[in-house]
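*Asks:* My questions will all concern the structure given below.
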Amino acid sequence: MTSGGPAGVGGLLERLGVRPSKRLGQSFLSDPNVIAAVIDAIGADACGKLVEIGPGLGALTLPLAERAAELVAVEIDRRLAARLQESLAGRASIVVQDILEFDFAAQAARSGERLVVVGSIPYSITAPILKKLIDERAALRTAYLITQREVAEKMLASPGKDGTSLGILVRAYADVDFLRRIPRGAFFPAPEVDSTLWKLTMRATPNFASSESGFFAVVRAIYGARRKTLRNALQRAYSACDVDAMLARARIDPRVRGETLGFAELDALALAAEPLLPGSDTSADRKG
């Protein structure tokens, strides 16, 4: 679909009259060796029903189409979608749509199997895409994503002092594996940062036993004030008396920073908070 590395991609875009859009975060994978390595990393997962996010010029689309039982490529740029439609000659379905509006569940229901997602993700909408994949996790089996290197590192570091609340959301419902680094020179135009290919495998059960609302209330409180002690951070969401009760039940030192806690400790705090929620027997007794 593409040839000649970055120079070839630049020439092709010029012939098509396409100028890479900064608004859409268009940066096209162009290194043949990296493309081959990405396909190898996907391995046997490429043989199922695939959804590709932002196929662009089709660097990954053609090799994926040769392997997949079915491939749906979702491209927001109508010019690129038209070229893909012509080049693939029916070997894949091209959907012209914003990926944030794409219905993964409907595609999975149509084929009767969970989907494999592949995509080089625009840096500007990485967080919304990750949230969407987690929201629609019941329809997905795995996802192979190329993102800014820092994003992958923060996923791997979550929860932790180098992690993020987004990373905890992702890892609460999916296992994360780092597959390979991709240098910025593998793209045209070259972005200002290196990228990483990493894998999401959706978990059969979440990484916590507490309620979803309770668990993420604790996470939001802690990561919204991550440099404060745990006791002070939790007081953003709970009363001082409730915080003391939670910490006593969970047997966690109130002086530590919340960002040092792992999933088990975050879950223990959320479980400790549940009797304090409105409507619980303990909460009613305490208020009476």
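The values are calculated or read from the model by the stated rules, or taken from the named source; none is laboratory data. The structure presented is a predicted model; accordingly, all values stated were derived computationally and were not measured. All Cβ positions, even for glycine, are placed from backbone atoms using ideal geometry, and neighbour counts span all protein chains on display. Protein only, heavy atoms only, side chains kept; ligands, DNA and RNA dropped before computing areas. Shrake-Rupley method; radii C 1.70, N 1.55, O 1.52, S 1.80 Å.
*Asks:* For the peptides 40-51, 146-157, what is the packing order when you average, over each peptide's residues, the other Cβ atoms within 10 Å and list the highest mean first?
*Replies:* Highest to lowest by the protection proxy: 146-157, 40-51.
*Asks:* Follow-up question, since we're still on this one. Assuming a ≥ b ≥ c are the square roots of the Cα gyration tensor eigenvalues, decide whether the range 64-129 counts as rounded (a/c under 1.5), prolate (otherwise, with a/b larger than b/c) or oblate.
*Replies:* oblate
*Asks:* On to the next question. Compute the acute angle (0 to 90°) between the alpha-carbon long axis of helix 5-16 and the principal axis of greatest extent of the alpha-carbon atoms of the chain; round to the nearest 10°.
*Replies:* It is inclined by approximately 70 degrees.
*Asks:* Roughly what % antiparallel, to the nearest 5, for the DSSP beta bridges in the chain?
*Replies:* 50
*Asks:* Once both axes come from the Cα atoms, what is the angle between helix 32-42 and the longest principal axis of the chain, in degrees from 0 to 90, rounded to 10?
*Replies:* For 32-42 against the chain, the angle is about 50 degrees.
*Asks:* What order do Val117, Val256 take when sorted by accessible area (1.4 Å probe), most exposed first?
*Replies:* Heavy-atom accessible area, descending, gives Val256, Val117.
*Asks:* If R₀ is 51 angstrom, what is the calculated FRET efficiency for the pair Cys47 and Thr229, using the beta carbon separation as r and rounding to 0.05?
*Replies:* 0.50
*Asks:* Now for a separate question. Restricting to lysine pairs 8 or more places apart or on different chains, what number in the range 98-233 have Cα atoms under 16 Å apart?
*Replies:* 5
*Asks:* Please name which of Leu234, Gly58, Ile42 has its Cα lying farthest along the dipole of the chain towards the positive end, using unit charges on Cβ (Lys, Arg +1; Asp, Glu -1) and the Cα centre as origin.
*Replies:* Farthest towards the positive end: Leu234.
*Asks:* Once amide H atoms are built 1.01 Å from N in the peptide plane, which residues 5 or more positions from Ser195, or in another chain, come under 5 Å H to H?
*Replies:* Here the answer is Arg149, Ile182, Arg184, since their amide H atoms fall under 5 Å of that of Ser195.
*Asks:* Can you give me the three principal axis dimensions of the chain from its C-alpha atoms, in Å, biggest first?
*Replies:* That works out to 73, 40, 30 Å along the principal axes.
*Asks:* Follow-up. With a ≥ b ≥ c the root eigenvalues of the C-alpha gyration tensor of the range 17-161, is it rounded (a/c under 1.5), prolate (a/b larger than b/c) or oblate?
*Replies:* Note, shape of the range 17-161 comes out rounded.
*Asks:* Let me ask something else. Which peptide among 61-74, 81-94 comes first, and what is the full order, when sorted by highest mean count of other Cβ atoms within 10 Å?
*Replies:* Averaged packing, sorted descending, gives the order 61-74, 81-94.
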